[in-house]
1. Can you work out the FRET efficiency for the pair GLN61 and ASN189, with r the C-beta to C-beta distance and R0 = 41 Å, to the nearest 0.05?
2. Among SER142, ALA212, GLN192, whose Cα lies farthest out toward the positive end of the dipole of region 102-217, if unit charges sit on the beta carbon of Lys, Arg (+1) and Asp, Glu (-1)?
3. At LYS308 and GLU205, where each label point lies 7 Å from the Cα along Cα→Cβ, what is the point-to-point distance in nanometres?
4. Translational D (Stokes-Einstein, µm²/s) of region 91-234 at 10 °C and 1.306 mPa s when Rh comes from the Kirkwood sum over C-alpha pairs?
5. Rounded to the nearest 20 debye, what is the charge dipole size of region 168-292 about its Cα centre when +1 sits on each Lys and Arg Cβ and -1 on each Asp and Glu Cβ?
6. Kindly put VAL158, VAL331, VAL244, VAL84 in sequence by how many other C-beta atoms sit within 10 Å of each C-beta, fewest to most.
7. Provide the FRET efficiency to the nearest 0.05 for the GLU113-GLN70 pair, computing r from the beta carbons and using R0 = 25 Å.
8. Pop a pseudo-label 7 angstrom from the Cα along the beta-carbon direction at both ASP358 and GLU321 and give the gap in nm to one decimal.
Amino acid sequence: MWGHPLRVGGAELCDTQWKFCEGADQFLSGETGLGKSTLMDTLFNTKFEGEPATHTQPGVQLRSNTYDLQESNVGLKLTIVSTVGFGDQINKEDSYKPIVEFIDAQFEAYLQEELKIRRVLHTYHDSRIHACLYFIAPTGHSLKSLDLVTMKKLDSKVNIIPIIAKSDAISKSELTKFKIKITSELVSNGVQIYQFPTDDESVAEINGTMNAHLPFAVIGSTEELKIGNKMMKARQYPWGTVQVENEAHCDFVKLREMLIRVNMEDLREQTHSRHYELYRRCKLEEMGFKDTDPDSKPFSLQETYEAKRNEFLGELQKKEEEMRQMFVQRVKEKEAELKEAEKELHEKFDRLKKLHQDEKKKLEDKKKSLDDEVNAFKQRKTAAELLQSQGSQAGGSQTLKRDKEKKNLGFL
Ligand code: GTP
Ligand code: MG
């Protein structure tokens with residue numbers, strides 16, 4: 001528990017500053033296992049997440065958790081959205097998409113509330129993301145292309161605060177060079193990271209100094225060790241101890257001060273006036289809203305609505321006409337197909353008919369020739385029978401003559 005004045009993970013907050021924290025939403029992006037959860041626990045001096053992510057999903061997922069942090073009678077609603085599985089895939093081309101979609105969805109929800117006739121923005125739970133802590137692996141080399149691409153996609157949508165994670169893994173001289181390298185790569189790739197504002201005199205000096213320290217090199221730990229006679233957050237190694245809140249060891253205190261104490265209001269302000277405004281403008285333009293017509297006269301909402309309605313009706317008519325044409329075309333095609341099938345059927349029928357006629361004629365011819373043969377046979381038979389009866393009357397003397405006649409008739 002924090003004592004008064006209010007302390008969040010060690011940073012002192014007076015009541016007014018605390019108010020700014022209400023509904024503060026943060027985004028944690030960066031590769032798997034870079035210490036995102038540990039850093040949040042260290043920053044807010046609590047244990048947020050339960051189970052660690054499994055990292056078996058095929059794509060990047062987002063895990064959003066809202067916490068009601070309570071101190072005395074003042075509350076802080078803090079939403080932490082963390083990437084799960086970022087950088088785990090072989091093909092990392094679309095890794096940034098779920099993050100962009102999530103941020104846009106929060107803007108869209110706010111825009112929808114704003115466009116309502118009865119809007120209640122003062123009680124609306126603003127889920128827009130106010131800060132993105134982008135965790136960079138302590139390689140000491142260049143930024144990975146995944147990091148550059150993702151930050152480039154996000155820089156017009158959210159305040160990016162790049163941080164070098166697990167900075168105890170890199171030596172002091174390497175860290176200085178790494179910071180310079182990261183900064184120059186961000187500049188040469190046109191990635192706009194969040195700059196602490198220097199226009200307010202009261203914070204201009206500290207913010208100016210802190211901008212020069214970006215990206216912050218941080219170490220996270222929830223383990224407390226006794227150093228001297230004080231309990232401190234630290235990481236212990238065989239060769240020594242790294243103190244999280246020791247500014248000679250890392251930039252954790254700088255990050256905490258800048259993020260929670262000094263610039264929380266500006267982060268919220270930038271989110272609204274810069275990032276949300278850009279989203280709102282693009283979205284309304286996409287919907288056909290304009291401030292002025294081509295003659296630079298103010299464009300009324302009524303006119304916009306009418307123009308959009310006409311455009312919609314025109315498109316609808318066009319679509320209807322296209323569908324009608326398509327229907328007529330399909331009917332014509334079907335008709336032609338049926339005609340073709342009918343023609344083929346007729347041809348087949350004619351062929352079969354002719355075949356049948358030929359067969360019939362052949363059979364008739366054969367029948368005729370068989371009939372002729374039968375008649376001839378009958379005639380011969382009758383003649384033979386006649387001869388036989390005459391023979392029996394004339395006696396045996398005639399037998400020879402009869403045989404001769406039979407032979408002539410073809411019976412012998
Ligand atoms: P995912 O949510 O699984 O992507 O991981 P994460 O980014 O939340 O990392 P997590 O906080 O779970 O830490 C992963 C491991 O790194 C744990 O073993 C931590 O103890 C360790 N770790 C966290 N912060 C630091 C740090 O600053 N330095 C070192 N050396 N290790 C750290
Ligand atoms: Mg985690």
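1. Numbers: r = 26 Å, r/R0 = 0.64.
Efficiency computed from Cβ-Cβ geometry: 0.95.
2. Highest projection toward the positive end goes to SER142.
3. 5.1
4. Numbers: Rh = 17.9 Å.
Rounded, D is 89 µm²/s.
5. Values: 17 positive and 20 negative charges, 94 e Å.
The dipole magnitude comes to about 460 debye.
6. On the way: VAL158 29, VAL331 10, VAL244 26, VAL84 18.
Placing the least packed residue first, the sequence is VAL331, VAL84, VAL244, VAL158.
7. Values: r = 26 Å, r/R0 = 1.06.
Calculated value: 0.40.
8. Here the answer is 5.7 nm between the modelled labels.
Throughout, read-outs are computed from the coordinates displayed, never taken from laboratory work. Being a predicted model, the structure only gives us computed values, none of them experimental. All Cβ positions, glycine included, derive from the backbone under ideal geometry; neighbour counts span all protein chains shown.
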